[in-house]
Structure formats: structure tokens, C-alpha cells
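Below is one structure, written out as C-alpha cells, with a few remarks after it.
The values are calculated or read from the model by the stated rules, or taken from the named source; none is laboratory data. Just so you know, these numbers come straight off a predicted model, no measurement behind them. Backbone-built Cβ (ideal geometry, glycine too); neighbour counts: all protein chains shown. The accessibility values were calculated without ligands, DNA or RNA, using every heavy atom of the protein model including side chains. Shrake-Rupley method; radii C 1.70, N 1.55, O 1.52, S 1.80 Å.
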Amino acid sequence: MRANREVCIGSGLCVLRLPELFDQSDDDGTVVLRRADPDPGEATAVIEVVGNCPSGALRFDS
Ligand code: SF4
């Protein structure tokens, strides 16, 4: 999984849905990946989060 912090608008939706995988920078609120490789059991939720990200900052190749 990749996150483009230049594109992220800091909405925090990813952090609300999957706090074990996503965090937000204390400096500017942009996304920080806690883990770049989700477990297989997390893939469905990750795909949902990527699809719902309002900025298109997230990419996941399952
Ligand atoms: S959902 Fe998208 S725009 Fe919102 S914080 Fe996460 S990566 Fe950034």
C-alpha cells in the first residue's frame, strides 16, 4: 500500500476506519502508514478505505 502525502487532504477517514494501519501526522494532519503491508484479512477493509478516500491519495495492489 502507498500513500501520497502531497495529495492527502487530512480528512482522517482512513484513520477512523482502520487505526491499526493509518495514522495522521502531528504536523499537518496528512496520512502516515503504520504498516504498508496489510494482512490478508484486512484486504477488504483496505480496499473500502482506498475507495472512500476523498483525495485519491491511497493505492493498494491486492
Ligand atoms: S482518507 Fe485519504 S485524504 Fe483522508 S487522511 Fe486518509 S489518505 Fe488522507
Single residue of Asn4, Asn52 found to be in contact (Cβ under 8 Å) with a residue 40 or more places away in the chain and more than 6 Å from the ligand (Cβ to nearest atom): Asn4
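Only one of Phe22, Phe60 is within 11 Å of Ala3 (Cα to Cα), of a type outside the set (Gly, Ala, Ser), surrounded by 14 or more Cβ atoms within 10 Å (Cβ to Cβ) and more than 8 Å from the ligand (Cβ to nearest atom); which? Walk me through it before giving the result.
Details: Phe22 fails: more than 8 Å from the ligand (Cβ to nearest atom).
Checking each option against the conditions leaves just Phe60.
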Hits in the range 39-49 (condition: more than 12 Å from the ligand (Cβ to nearest atom) and closer than 21 Å to Gly10 by Cβ): Ala45
Hey, Val46 in a helix (DSSP H, G or I), open to solvent by less than 30 Å² (accessible area, probe 1.4 Å) and of a type outside the set (Lys, Arg) or not: yes
Residue among Leu16, Leu33 that is more than 8 Å from the ligand (Cβ to nearest atom), surrounded by 15 or more Cβ atoms within 10 Å (Cβ to Cβ) and without any contact (Cβ under 8 Å) to a residue 40 or more places away in the chain: Leu33
Filtered residue count, the range 24-43, keeping only those that are of a type in the set (A, V, I, L, M, F, W, C) and in a loop (DSSP other than H, G, I, E, B): 1
